[in-house]
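Participant: Shown below is the structure under consideration.
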Amino acid sequence: MGLSGPAAGAARSDDPYLPTHGNGGYRVEHYDLEIDYRLAANRLTGRAVLTAVADAPLSRFSLDLATFRVPRVLVDGRAAKFRHRDGKLHVTPDRPVAGRFTVEVRYTGNPTPVSSRWGDVGWDELADGALVASQPVGAPSWFPCNDHPSDKATYRIAVTTAAPYTVAATGVLSARRRSAGARTWVFERTEPTPSYLVSVQIGRYEEIVLSEDPVPQVALVPARLRKVAARDLGRHPAIMTTLARFFGPYPFADYQLVVTDDELEDPIEAQGMSIFGANHLDGRRTHERLVVHELAHQWFGNSLTIADWRHIWLNEGFATYAEWLWSEAAGGRAAAAHAREWHARVAAQPADLVLADPGPARMFDERVYKRGALVLHALRGRIGDEPFFALLRDWTARHRHATVTTAQFVELAGRHADADLSTFFTAWLDRPALPGLGS
């Protein structure tokens, strides 16, 4: 599913929450990114080549890009006119493009996070390294893109930085080269990926191999945290196996867990990768539920990506319910006990959030997460375990590496239930009042 804006070439998307992110008239098929990053100076020099397809002939188009200096833009190898302001790179090719075309952008500057109502997001400096946390609008902080979740593309990312540092990025490592005190790391992601889930992590990390089955699972951690990481992440292979049993096969070729030497407020989700702060490890598995939550996003959010931000409960509700399922499977609290607790806690809060359309200010409201999980638990009770888990596996298989909407999930649930669930879903998704768990 590509992105069609309100007009061909418009510097806006049709997203009801974030219309200034994303651009009309084309979709991107592939990004080839070459990044040279100097840590001490926080200096990034980049070359991005985008292969895109125009919906109709375009005499102009735009990309999302933050405050870099842009010396040159080529379209299909020809110099193009451009202007760069307010987070948009407006491009006018020397002749209109039609069908498939390429855009090459050279850019340089000091990357900084993008300011948003959810805080600063995107490329950020660590005490000794760098990270990318782009959800939902931070991708333009480090590369030119069509920054909308529905515009999923493949990626090749080459990052050059000082040799003592390890680089992790979205994709499978395909090459590594060293020269003159620097090292270049090349990653390829062949599965369609939205820009907000593309990530680069740079730090002094050591690798811990967690498992090779069903895909390589590795943790990159500071040396001082190696022992506690081995303990806190030790059950990761079992978590992977358990979630695959509930949701179907893991959808990517590998999985990386990065633990920064800095503290982070929340873990960070990326395609085939999750990032945690040093504060998320303590040697007692205190934060294991966060490990489960971020892994679950590989199915819900990453393989199945929401068509626009109204549907964010399809990401966060499912990942939260995965926490409850793992708790029960690992011999902890039953999912039903978690549901009862959170139902009572949500019921004690104002009934002023509509789950299927929470509004941009409440995209990351705790109730989107917990009420989203409660919907799933209530649905499970309504239709029974066998149809419920068959529904989840069908949902992830049917829409693997595609985009999804709430209406699609509602329709598929009705098919698996072999019943009319419209009243059930209207109450849970479209009304602010919280239904009972048995409703």
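Participant: Which members of segment 91-106 meet the condition of being in contact with a Gly (Cβ under 9 Å, 6 or more places away or on another chain) and surrounded by fewer than 21 Cβ atoms within 10 Å (Cβ to Cβ)?
Facilitator: Selection gives T102, E104, R106.
Participant: Sticking with this structure for a sec: Taking the conditions exactly as written (within 22 Å of R38 (Cβ to Cβ) and either in contact with a helix residue (DSSP H, G or I) (Cβ under 8 Å, 6 or more places away or on another chain) or at pLDDT below 95 (or both)), does R177 satisfy them or not?
Facilitator: Values: within 22 Å of R38 (Cβ to Cβ): yes; either in contact with a helix residue (DSSP H, G or I) (Cβ under 8 Å, 6 or more places away or on another chain) or at pLDDT below 95 (or both): no.
Spelling it out, it is not the case that R177 is within 22 Å of R38 (Cβ to Cβ) and either in contact with a helix residue (DSSP H, G or I) (Cβ under 8 Å, 6 or more places away or on another chain) or at pLDDT below 95 (or both).
Participant: Restricting the search to segment 216-243, which residues are among the hydrophobic types (A, V, I, L, M, F, W, C) and surrounded by fewer than 17 Cβ atoms within 10 Å (Cβ to Cβ)?
Facilitator: Initially, segment 216-243 is screened for residues among the hydrophobic types (A, V, I, L, M, F, W, C), giving 218-221, 223, 225, 228-230, 233, 238-240, 243.
Within segment 216-243, A223, A230, A238 meet the criteria.
Participant: If I ask for residues that are within 20 Å of the chain's Cα centre (by Cα) and either buried (at least 17 other Cβ atoms within 10 Å of the Cβ) or among the polar types (S, T, N, Q) (or both), which ones from segment 266-286 would you list? Spell out the reasoning first.
Facilitator: First, pick out the residues of segment 266-286 that are within 20 Å of the chain's Cα centre (by Cα): 266-277, 280.
If the condition is that a residue be within 20 Å of the chain's Cα centre (by Cα) and either buried (at least 17 other Cβ atoms within 10 Å of the Cβ) or among the polar types (S, T, N, Q) (or both), then P267, I268, E269, A270, Q271, G272, M273, S274, I275, F276, G277, H280 are the ones that fit.
Participant: State whether one or more residues within segment 32-45 are among the polar types (S, T, N, Q), assigned by TED's automatic domain parsing to the domain that holds Y165 and more than 25 Å from R310 (Cβ to Cβ). Step through it out loud before you land on a result.
Facilitator: Here is the first cut: in segment 32-45, the ones among the polar types (S, T, N, Q) are 42, 45.
Retained after the next criterion (residues that are assigned by TED's automatic domain parsing to the domain that holds Y165): 42, 45.
Retained after the next criterion (residues that are more than 25 Å from R310 (Cβ to Cβ)): 42, 45.
Within segment 32-45, one or more residues are among the polar types (S, T, N, Q), assigned by TED's automatic domain parsing to the domain that holds Y165 and more than 25 Å from R310 (Cβ to Cβ).
Participant: Look at segment 113-136 and say how many of its residues are hydroxyl-bearing (S, T, Y) and buried (at least 19 other Cβ atoms within 10 Å of the Cβ).
Facilitator: The first filter runs over segment 113-136 and keeps only residues hydroxyl-bearing (S, T, Y), leaving 115-116, 134.
Then keep just the ones that are buried (at least 19 other Cβ atoms within 10 Å of the Cβ); that gives 134.
Selection size over segment 113-136: 1.
Participant: Do any strands (runs of 3 or more DSSP E) entirely within segment 48-120 hold 1 or more residues that are without any contact (Cβ under 8 Å) to a residue 40 or more places away in the chain, hydrophobic (A, V, I, L, M, F, W, C) and under 12 Å from P144 (Cβ atoms), and if so, which?
Facilitator: Values: elements: 61-64, 69-75, 81-85, 88-92, 100-109, 114-116.
Once the strands (runs of 3 or more DSSP E) in segment 48-120 are filtered for at least 1 residues that are without any contact (Cβ under 8 Å) to a residue 40 or more places away in the chain, hydrophobic (A, V, I, L, M, F, W, C) and under 12 Å from P144 (Cβ atoms), what remains is 69-75, 81-85, 88-92.
Participant: Can you find a residue that is farther than 27 Å from I312 by Cβ, over 22 Å from the mean Cα position of the chain (by Cα) and not assigned by TED's automatic domain parsing to the domain that holds V103 anywhere in segment 236-253?
Facilitator: Step one: filter segment 236-253 for residues farther than 27 Å from I312 by Cβ, giving 237-238, 241.
Within this subset, residues satisfying the condition of being over 22 Å from the mean Cα position of the chain (by Cα) are 238.
Okay, now just the ones that are also not assigned by TED's automatic domain parsing to the domain that holds V103, so 238.
Checked segment 236-253: at least one residue is farther than 27 Å from I312 by Cβ, over 22 Å from the mean Cα position of the chain (by Cα) and not assigned by TED's automatic domain parsing to the domain that holds V103.
Participant: Can you tell me how many residues in segment 36-71 are over 22 Å from V114 (Cβ atoms), of a type in the set (D, E, K, R) and loosely packed, with under 14 Cβ neighbours inside 10 Å?
Facilitator: 0
Table: residues versus (1) among the charged types (D, E, K, R); (2) surrounded by 24 or more Cβ atoms within 10 Å (Cβ to Cβ); (3) assigned by TED's automatic domain parsing to the domain that holds A40.
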| site | (1), (2), (3) |
| --- | --- |
| G138 | no, yes, yes |
| C145 | no, yes, yes |
| D151 | yes, yes, yes |
| T154 | no, no, yes |
| T160 | no, no, yes |
| V172 | no, no, yes |
| A175 | no, no, yes |
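Participant: Is there a residue in segment 328-337 that is buried (at least 24 other Cβ atoms within 10 Å of the Cβ) and out of contact with any Asp or Glu (no Cβ under 9 Å at 6 or more places or on another chain)? Even if it seems obvious, please write down each step before you answer.
Facilitator: So in segment 328-337, the residues buried (at least 24 other Cβ atoms within 10 Å of the Cβ) come out as none.
No; the residues of segment 328-337 include none that is buried (at least 24 other Cβ atoms within 10 Å of the Cβ) and out of contact with any Asp or Glu (no Cβ under 9 Å at 6 or more places or on another chain).
Participant: Something else: Just wondering, is there one or more residues in segment 239-258 that are over 18 Å from F364 (Cα atoms), assigned to a strand (DSSP E or B) and free of Cβ contacts under 8 Å to residues at least 60 places away in the same chain? Step through it out loud before you land on a result.
Facilitator: Of all residues in segment 239-258, those over 18 Å from F364 (Cα atoms) come to 239-258.
Now narrow it down to the ones that are assigned to a strand (DSSP E or B): 255-258.
From what is left, the residues that are free of Cβ contacts under 8 Å to residues at least 60 places away in the same chain are 255, 257.
Yes, some residue in segment 239-258 is over 18 Å from F364 (Cα atoms), assigned to a strand (DSSP E or B) and free of Cβ contacts under 8 Å to residues at least 60 places away in the same chain.
Participant: For segment 302-387, which fully contained helices (runs of 4 or more DSSP H) count at least 2 residues that are without any contact (Cβ under 8 Å) to a residue 60 or more places away in the chain and polar (S, T, N, Q)?
Facilitator: On the way: elements: 313-329, 335-347, 366-383.
Fully inside segment 302-387 and qualifying: 313-329.
Participant: Now, a different point. Between R393, R415, which is at negative phi, surrounded by fewer than 20 Cβ atoms within 10 Å (Cβ to Cβ), touching a Gly at 6+ places or on another chain (Cβ under 6 Å) and part of a helix (DSSP H, G or I)? Let's see the steps before the verdict.
Facilitator: Numbers: R415 fails: touching a Gly at 6+ places or on another chain (Cβ under 6 Å).
Criteria check complete, one pass: R393.
Participant: Same structure, new question: I'd like to know if segment 73-87 contains one or more residues that are of a type in the set (A, V, I, L, M, F, W, C) and under 18 Å from S195 (Cα atoms). Reasoning before the result, please.
Facilitator: Taking segment 73-87 as the starting set, the residues that turn out to be of a type in the set (A, V, I, L, M, F, W, C) are 73-75, 79-80, 82.
Remaining after also requiring under 18 Å from S195 (Cα atoms): none.
Scanning segment 73-87 turns up no residue that is of a type in the set (A, V, I, L, M, F, W, C) and under 18 Å from S195 (Cα atoms).
Participant: Just to check your reading of the model, which residue among D86, D55 is of a type in the set (D, E), under 22 Å from E29 (Cα atoms) and in the same structural domain as W142 (by TED's automatic domain parsing)? Write out each step before concluding.
Facilitator: Details: D86 fails: under 22 Å from E29 (Cα atoms).
Exactly one of D86, D55 is of a type in the set (D, E), under 22 Å from E29 (Cα atoms) and in the same structural domain as W142 (by TED's automatic domain parsing), namely D55.
Participant: How many residues are farther than 23 Å from D352 by Cβ and either among the hydrophobic types (A, V, I, L, M, F, W, C) or in the same structural domain as E191 (by TED's automatic domain parsing) (or both) if we restrict to segment 408-439?
Facilitator: 6
Participant: Does E263 fit the bill of being over 30 Å from A397 (Cα atoms) and either touching a Gly at 6+ places or on another chain (Cβ under 9 Å) or buried (at least 24 other Cβ atoms within 10 Å of the Cβ) (or both)? Let's see the steps before the verdict.
Facilitator: On the way: over 30 Å from A397 (Cα atoms): yes; either touching a Gly at 6+ places or on another chain (Cβ under 9 Å) or buried (at least 24 other Cβ atoms within 10 Å of the Cβ) (or both): yes.
Yes, satisfied.
Participant: Does any residue in segment 170-189 that is free of Cβ contacts under 8 Å to residues at least 60 places away in the same chain come within less than 9 Å, Cβ to Cβ, of a residue that is outside any strand (DSSP E or B) and aromatic (F, W, Y) six or more places away or on a different chain, and which pairs are these?
Facilitator: Matching pairs, first to second residue: R183/Y165.
The values are calculated or read from the model by the stated rules, or taken from the named source; none is laboratory data. Everything numeric in this text was worked out from a predicted model, so none of it was measured. FYI the Cβ positions are ideal-geometry reconstructions off the backbone, even for glycines, and counts take in every protein chain you see.
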